[in-house]
Every structure is written in C-alpha cells, then in structure tokens.
1. So who's got an amide H within less than 5 Å of the one on residue 426, skipping anything under 5 residues away but keeping other chains? H placed 1.01 Å off N, in plane.
2. Counting only DSSP beta bridges with both residues in the range 220-314, what percent are antiparallel, rounded to the nearest 5?
3. Report, largest value first, the span of the C-alpha coordinates of the range 444-487 along each principal axis, in whole Å.
4. Amide H of residue 281 versus every other amide H placed in the peptide plane: which residues, excluding those fewer than 5 positions away on the same chain, fall under 5 Å?
5. Tell me which residues come under 5 Å, amide H to amide H, from residue 34 once H is placed; ignore anything under 5 positions away on its chain.
6. Mind checking the alpha-carbon convex hull of the range 206-440 and giving the volume per residue in Å³?
7. If you count the DSSP beta bridges with both ends in the range 206-440, what percent of them are antiparallel, to the nearest 5?
8. Let me check I've understood the local charge: for residue 355, count other residues with C-beta under 12 angstrom from its C-beta, Lys and Arg +1, Asp and Glu -1. What total comes out?
Amino acid sequence: MLKLSRFLLLGAAAALLSGCVKFYIAGHTEDFADYISGEGEGDPFTGYGTSTIEFAKLKIRCSGPYQPDGRNRGARGTVTCSDGRRIELVSRLSSMDTGDGNGTDNFGHRGRFVFSTNEAYVEREGERYRDEVARRNLDVAHLRVAAASSVAAAPVSAPRQSAAAAEATAAAVAVAPAPTPALNAAPGGAPGMAAAEANLRPVPAPAMPQGEGKLALVVGNSNYPGAPLKNPVADARAIAAKFRALGFEVLHGENLSQRGMTRLVTRFGERLPGRQVGVFYYAGHGMQVRGRNYLIPIDAQITSEASARSESIDVDQVLDHLATSGSGVNLVVLDACRNNPFERRFRSTAGGLAQLDAPKGTLIAFATAPGKVAFDGEGVHGTYTSALLRVLDEPGLNIESVFKRVRTEVSRITGDQQIPWEASSLTGEFYFVPGRVAAEAPRAADTEMLFWQSIKDSRDADDFTAYLKRYPDGAFADIARNRLRKAKPN
C-alpha cells in the first residue's frame with residue numbers, strides 16, 4: 001500500500017464517497033496508423049480496477065482488469081479484445097493524477113497511451129493523436145490478423161463510479177462487436193469507452209453471429225430529476241438484446257447526459273459508413289420546438305425554447321449521419337412521445353413529436369401519431385416497445401410489415417387512443433428474419449373457392465366431375481351434380 005501512496009492521494013476524495021476513481025485514456029499505435037480512446041475505474045485503496053479501450057479504425061474493443069505494480073508506481077494488466085487477441089499493458093504514474101504506458105499484443109504490435117483523471121487533458125492529447133493519424137493516413141491492414149476463433153469479448157463490470165467523476169448520470173455503454181476477420185490492435189492502457197461517460201455493464205454473448213454490415217444505436221433515458229420514467233431503460237436493454245440476437249453490432253447507452261448522448265451519436269456516425277443497415281432506437285423524453293424534434297438527456301435544464309435546443313439532441317443529427325452513411329436501409333425508432341413536463345414550461349410548444357420527412361432509404365417509426373402522446377406502459381416495458389419486441393423477429397416479415405403489425409397491436413391494446421405512425425422512403429425490401437416471402441398457403445376452404453370460381457361458368461361436364469372427385473362433400477357439390485345432370489343428353 002505504501003508503494004501506491006500517490007495513487008491513493010489521487011483518489012482519496014472520490015474514494016471517500018464511492019470507493020473508486022475514474023480515469024480517461026487516449027493513445028495510438030506505434031506507427032500512428034490508428035488511435036485509441038477509453039476509460040476505466042479503480043479502487044485507490046487496493047490498486048485494482050478495470051479498463052476498456054477501443055481502436056477507431058480497426059473497430060475492436062478490449063477490456064480487462066489491472067493490478068498494482070509497485071516497481072514503477074503504476075499498474076499491470078491484460079485486456080482481451082473482441083477478435084480474441086490479448087494485450088499486455090504496463091502503466092506508470094508521472095504525477096498525482098496523470099500517467100502513461102505502453103501495450104504489446106500477442107502478435108508483437110505495440111502502442112502507447114496516456115491516462116488521467118483530468119478529462120480535458122486526455123481529450124487534448126487524443127485530438128493530437130487523431131490529427132497525426134489523419135495526417136499520416138496509413139492503412140491498418142498490417143494490424144489485422146486472421147482470427148483463430150470468433151471471440152466476442154463482453155465488457156467487464158466496472159466498479160461503482162465516483163460521485164466526482166459522474167456528471168449527473170451513470171451511463172451504460174455496451175458494444176457487441178462483429179466477428180470480422182480479426183482486427184489487430186496495438187496499445188492499451190488502463191482504458192475504457194470514450195463513447196459516453198459511462199459505467200460498463202456486462203453483455204451476454206450474442207445468440208447468433210454478429211453481422212459486420214448491421215449497426216444499431218440503442219438509448220434509454222429514465223432517470224430524469226423530477227420527471228422519471230419507468231420503462232425506457234428496460235425497453236432499451238430488451239431492444240439491444242433483440243438486435244444482438246438478430247445479428248447487429250450494438251452501441252447501447254442508458255441514462256445519458258447531453259455529452260454522453262452527443263458522443264455516442266457521434267461514434268454511431270463514425271461507424272456507419274460501409275454498413276448495409278443502420279438502426280437508431282430511443283426511449284425517453286422527447287419534445288418538438290417549432291417543428292423540430294429533440295431528444296432530452298437526463299441532465300437537461302430546459303426553461304425556454306432556446307434552452308430546449310441547446311440542452312437536447314436534435315433528431316436531425318441522427319438523420320444526417322444515416323443519410324450520409326451510404327447504408328442501403330436505415331431505421332429510426334422514437335418511443336419518445338410521452339407526456340413530458342418540459343413542454344408545460346412554455347406555451348408555444350406542441351405536444352408529442354413533429355412529423356419528419358424520411359431521407360431516402362429510411363423508415364422513421366413513432367410510438368404514436370405526430371403531436372400525440374404515447375402511453376408509458378403498465379408492465380416492465382412501454383406499450384409500443386412491448387409490441388415491437390413481440391413482432392421484430394417474426395420470420396418472413398419485411399420491415400414495413402413489422403411496423404404495420406406493431407401499429408395494429410398497439411391500436412388494439414389502447415382502444416385506438418395510441419396509433420403508431422411511420423414515415424418511409426425505403427426503396428428496397430429488408431427482413432430482420434428472412435423467411436418465406438410468399439403468402440402462407442391458402443386454407444382448404446379458400447382453395448375450394450378458387451377451384452369453383454374457375455369452373456362455375458364452364459360448359460364442360462368434365463370440369464364438374466373433377467370438382468366432385470376432389471370435393472365430394474364440398475360447399476358446391478350439389479350445384480356441381482345438378483350441372484352434370486343438365487349436361488347429360490336426354
């Protein structure tokens with residue numbers, strides 16, 4: 001413990017409150033082919049903790065524990081990456097709140113990183129690394145290796161976040177990576193996700209292989225001070241799990257502040273190009289101001305129309321990412337039309353969300369019609385998301401049929417008080433679960449009717465004989481026998 005005195009001092013204040021210290025990471029591969037971002041948390045009294053890092057261009061994620069290394073006033077650890085590789089990390093403190101380190105993976109690739117509890121410092125260093133990576137513009141092919149096996153590394157569970165580090169929210173970010181040919185990484189540090197100011201929540205292995213071409217961002221906000229919602233976090237968790245089971249890579253955030261939402265939306269936009277399908281799902285408070293729709297973070301302080309715009313996330317930001325990504329099919333699901341207290345603070349704001357025009361190749365689904373308010377739900381999930389969860393993985397339904405089924409079910413459950421609504425500019429077919437595209441085989445009664453319709457005006461006795469042979473007790477058997485008697489010569 002004496003050897004970790006500086007680390008103890010670093011986290012003393014936060015430790016008294018929560019027992020852990022949060023730090024941020026930025027780094028780069030040795031040749032600046034790729035840059036790294038992350039964060040982690042540790043217990044200053046024991047020197048143990050966890051960290052997670054991501055490689056921007058390689059799109060891999062690495063998580064694992066670390067432990068104190070008294071030899072250099074730092075820590076050592078091993079993180080396991082989403083492609084199955086392992087990275088050995090060594091870090092050291094250079095001051096009471098800052099340090100650096102290096103990492104080497106089991107293929108010999110190296111990298112460097114810095115870490116600090118001072119987020120602004122790490123952001124400045126990260127920006128410098130990103131600029132250098134962009135300037136060199138190196139291909140990352142040399143960092144890729146053939147994966148020995150497809151390993152989906154679930155993020156480790158981080159210690160409880162310190163009160164000093166958390167802004168107003170404990171965000172949960174979960175990324176279920178696709179098992180593409182192994183993406184190599186270099187450095188590591190005692191890292192974590194820079195996508196949102198978040199605690200990392202363990203994610204179970206996907207039920208089926210993840211598709212490199214499908215990416216979903218799922219956000220649920222419930223913990224609004226003075227206006228909490230019961231369902232959105234549970235809704236988001238269930239939807240995230242459903243999309244993973246359907247083969248999507250998933251970015252997942254819960255109870256996000258504005259900064260957390262902005263970062264996660266930005267990361268979503270950075271990962272979209274080259275994907276076949278992009279999905280954005282949001283559950284929480286939302287509102288419209290002068291015809292524009294805004295999604296409300298849990299730390300929003302909204303007192304006027306101007307503050308609504310500055311404190312929230314404009315849905316158009318998400319649509320812009322989707323429109324410029326080149327994805328063939330894009331889906332936006334907004335379960336954000338709940339009765340919300342912010343709207344009552346200024347008169348000119350209409351209820352619910354405003355109608356949106358879907359960019360080409362996009363379907364936008366609202367939990368209820370424009371300007372209307374949705375029900376929050378009596379059970380674990382909201383009314384709309386409950387219906388979506390039941391229908392989403394039905395085989396053989398194209399995307400538009402899925403939402404038609406959802407609309408029918410929600411309308412029935414609410415007695416037409418809530419009628420979901422969609423805007424679509426899709427130009428092709430997409431199935432979450434491929435199946436028979438053709439309609440189900442007609443029922444026997446329908447088949448008989450088709451047969452009869454085809455012969456009822458015939459003058460050929462053989463047609464009626466064929467009908468009676470197939471349907472001797474059919475609905476039209478008496479008529480067929482009568483036609484045969486009339487057809488016989490006197």
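Laboratory data are not the source of any read-out in this text; all were calculated from the coordinates shown. Since the model is a prediction, treat every value here as computed from it, not as a measurement. For neighbour counting, all protein chains shown are included, and Cβ atoms are generated from backbone atoms with ideal geometry for every residue, glycine included.
1. Result for residue 426 returns 361, 362.
2. Numbers: 6 of 8 bridges.
Antiparallel: roughly 75 percent of the beta bridges in the range 220-314.
3. 28, 18, 13
4. 217, 218, 219, 333
5. Correct list: 29.
6. Taking the convex hull of the Cα positions in the range 206-440, it is 115 Å³ per residue.
7. Antiparallel bridges: around 30 percent, rounded to the nearest 5.
8. Its environment carries a net charge of 0.
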